[in-house]
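Notes for the one structure printed next.
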Amino acid sequence: MALVRLRGPLKQLAGGPEHAVAGATVAELLTALERDRPALHGWILDERGRIRRHINVFVNGERGGEDTAIGADDRVDVLPAISGGSA
Amino acid sequence: MTELLVGTKKGLFALEGSPRDGFEVTLRAFAGEPVEYALRDPRTNRILAGVISPFYGPKLFVGENGAWEQAKGVELPAGGKEALERIWVIVPGEQDGVLYAGGDPGVLFKSTDGGLSWELVRSLYEHPTRPGWSPGGGGLCLHSIATWPGEPDRLALALSAVGVWLTDDGGATWRHGNQGLGARYLPEGTESLSLCVHDLQRAPRRPERLFMQFHGGVYRSDDAGESWTEIGDGLPSDFGFPLAVDPADPDSAYVIPLTADMDRTTPDGRVRVYETRDAGATWTPRGDGLPAEHAYLTVLREAFAGRGEGPELELYFGATSGDVFGSGDAGATWSCAATRLPPVYSVRCNA
C-alpha cells in the first residue's frame, strides 16, 4: 500500500499525518482515503472526484494528478497550493 | 444587547453591544478563512456559518456552545459534472427545524434538523431550464430565499443571473416571477432568463409584497413576486446590492445605492442609506453619522440586516473596507460599530 501524508486540517480530520492506503491511481487512493476517514469526505476531492483546485498532490516528490499511477511503496503528499491563498 | 455576526474574508466575527454604547468583538472563528454568511438561528441558538475555503471547498458549520460541527449533505451529487462552489445564504424556514441554504451553482438545500444535515432540492437542481442558466459576476448564486410567514410551502428565490423563482408546493414545482423586470445589460426587447437580481426581501406583514434590488433598478411586487414595478426614481443611483425592510411597515424598504455597475462605490464619496415609507414613491437619504466625504465604500448583498421593528428598528451594514455601521432608530442616526475588520461579506443580527 502507498503511504499518504497529510498536513494541517487534513491531518486533524484524518486522525494522523500518515496513512497506508491501497489504490492504483491517485484518484483511487484519495477516494479510498476519504471513504475510510469520513471526516475527510469532500476536503481533498470535490463531488466530481477531482482534486480540489488549490490542493497539490505529489507522488514521490513529483507533481501528480488524478490519473497518476501509484505503486505499492509510493509516497503521496497532499498539500495546500500557494495559489489558493490571497491577501 | 445586540449580537452581530459578521462574515468576512478572514473569518467570522461576533460583535456585541448597541448603536448607542458601541460594540466589542467577542468572537473570531475560522481565522483566515472566508466566511460568506453566518447567522444564529433563534429557535436553536445555533450559529450556522458558510465557510468557503479556497483550499478545501465550501463547508457549512454549525456552532453550539462554543463547538463547531461540519454539517452533512451540503454537496452536489457525486460523480456529476459540477461541484458546489459557494454557500451564499442560510435562512430559517417556517417549520421547526427547517432551514434553507442557497449556493453556487444556483442550488438550494433544505435541512429539517436545525442545520446538522441537508439535502439538495432536486426539483430546482434538475429543472429543465437549467442548461440555459448563466452566472453573474459573482457566480451562479442563489442568494435570496424569502419565506412566507405561516405558509411553509411558499418560497420566493432569487438567483444571479436567473431571476426570481416561486413555489407554492414546498419546492415540488417552480415557476418564474420575472414579469416587468428589465435588464439594461441586454438589448431592448430581448427575452432572456439572464436576470441579475441582487437581493430580494419580503414584507412580512403583507407577504404578497416583495422588494428587489436588481442589477440596475429597484423594484416592488404586490402579487407575491409574479410581476414587478420599478420604484427607483428619486435614488441617486438604482444600482446596489442589499435591501432591508422594516417588518412593521409593508411600505418600507432601505437600499444602499452604489454609483453604477462600472463603479461599485458609494456615490460622490458619501455613505447614505435611502429609505422609503411609501412603497417606493419617494426616497429619503439617511446619512446622519455616516461618512460624508472621501468614503468610497462597497456594501455587498448579504451585508445589511435589521433587528426589531418600528421606531426601534436596528439596522446594520458592513463594507468591504472593514467598517460596520449601525442605527438604533430605524436609520435616522448612525454610528460606527467596528472598523478595520477584514472585508465584510455578511452581517446578521440576533432576533
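Here, each number is a calculation from the coordinates, and none is a lab measurement. Given the structure is predicted, the values throughout are model-derived calculations rather than measurements. So basically every Cβ, Gly included, is an ideal-geometry build from the backbone, and we count neighbours across all protein chains shown.
Over the whole of B:52-65, what's the average partner chain Cβ count within 10 Å per residue? Rounded to a whole number, please.
On the way: counts 0, 6, 10, 16, 14, 10, 2, 2, 0, 0, 0, 0, 0, 0.
Mean shielding by partner chains, rounded to a whole number: 4.
Which value in Å does the Kirkwood hydrodynamic radius of chain A take, with 1/r averaged over all unlike C-alpha pairs and then inverted? Intermediate results must be reported in sequence, preceding the final value.
On the way: mean 1/r = 0.0787 Å⁻¹.
Result for chain A stands at 12.7 Å.
Tell me what chain B gives for mean residue ellipticity at 222 nm when only DSSP H runs of n ≥ 4 count, each as -39,500 (n - 2.57), the sum divided by the residue total, rounded to 500 deg cm²/dmol.
Working: 1 runs with 4 residues, N = 351.
For chain B, the value works out to 0 deg cm²/dmol.
I need the fraction of alpha carbon pairs in segment B:117-169 separated by more than 13 Å, rounded to a whole percent.
Numbers: 901 of 1378 pairs.
Value for segment B:117-169 (Cα pairs over 13 Å): 65 percent.
Build a GNM of chain B with springs between Cα atoms under 10 Å: which of B:Ala156, B:Ala49, B:Ala78 gets the top mean-square fluctuation?
Taking springs between Cα atoms under 10 Å, the residue moving most is B:Ala78.
Scale the Cα Rg of segment B:91-208 by the rule-of-thumb value 2.2 N^0.38 Å and send over the ratio, two decimals. Can you show the working numbers first?
Details: Rg = 14.2 Å, N = 118, 2.2 N^0.38 = 13.5 Å.
For segment B:91-208, the normalised Cα radius of gyration comes out at 1.06.
On average, how many beta carbons from a partner chain sit within 10 Å of the beta carbon of a residue in A:47-54? Numbers along the way, then the final one.
Values: counts 11, 8, 4, 1, 0, 6, 4, 5.
For this peptide, the per-residue mean of nearby foreign Cβ atoms is 5.
Could you please state, rounded to a whole Å, how far the C-alpha centre of segment A:11-87 is from the C-alpha centre of segment B:325-351?
With segment A:11-87 and segment B:325-351 each reduced to a Cα centre, they are spaced 41 Å.
For the protein assembly as shown, list log₁₀ I(q)/I(0) at each q in 0.08, 0.11, 0.12, 0.13 Å⁻¹, using the Debye formula over Cα point scatterers of equal strength and ignoring solvent, two decimals each.
Normalising to I(0) and taking log10 leaves -0.46, -0.84, -0.99, -1.13.
How long are the semi-axes of the equivalent ellipsoid of segment B:1-75, taking √(5λ) for every eigenvalue λ of the Cα gyration tensor, in whole Å from largest down?
Numbers: eigenvalues 103, 43, 16 Å².
Largest first, segment B:1-75 gives 23, 15, 9 Å.
Please give the average number of partner chain Cβ atoms lying within 10 Å of the Cβ of each residue in B:75-85, rounded to a whole number.
On the way: counts 4, 3, 2, 8, 3, 4, 2, 3, 9, 3, 1.
So the per-residue partner count for this stretch is 4.
Over the Cα atoms, compute the radius of gyration (one decimal) and Dmax (the largest Cα-Cα distance, rounded to a whole number) for segment B:2-349, in Å.
Considering segment B:2-349 through its Cα atoms, Rg and Dmax are 18.7, 54 Å.
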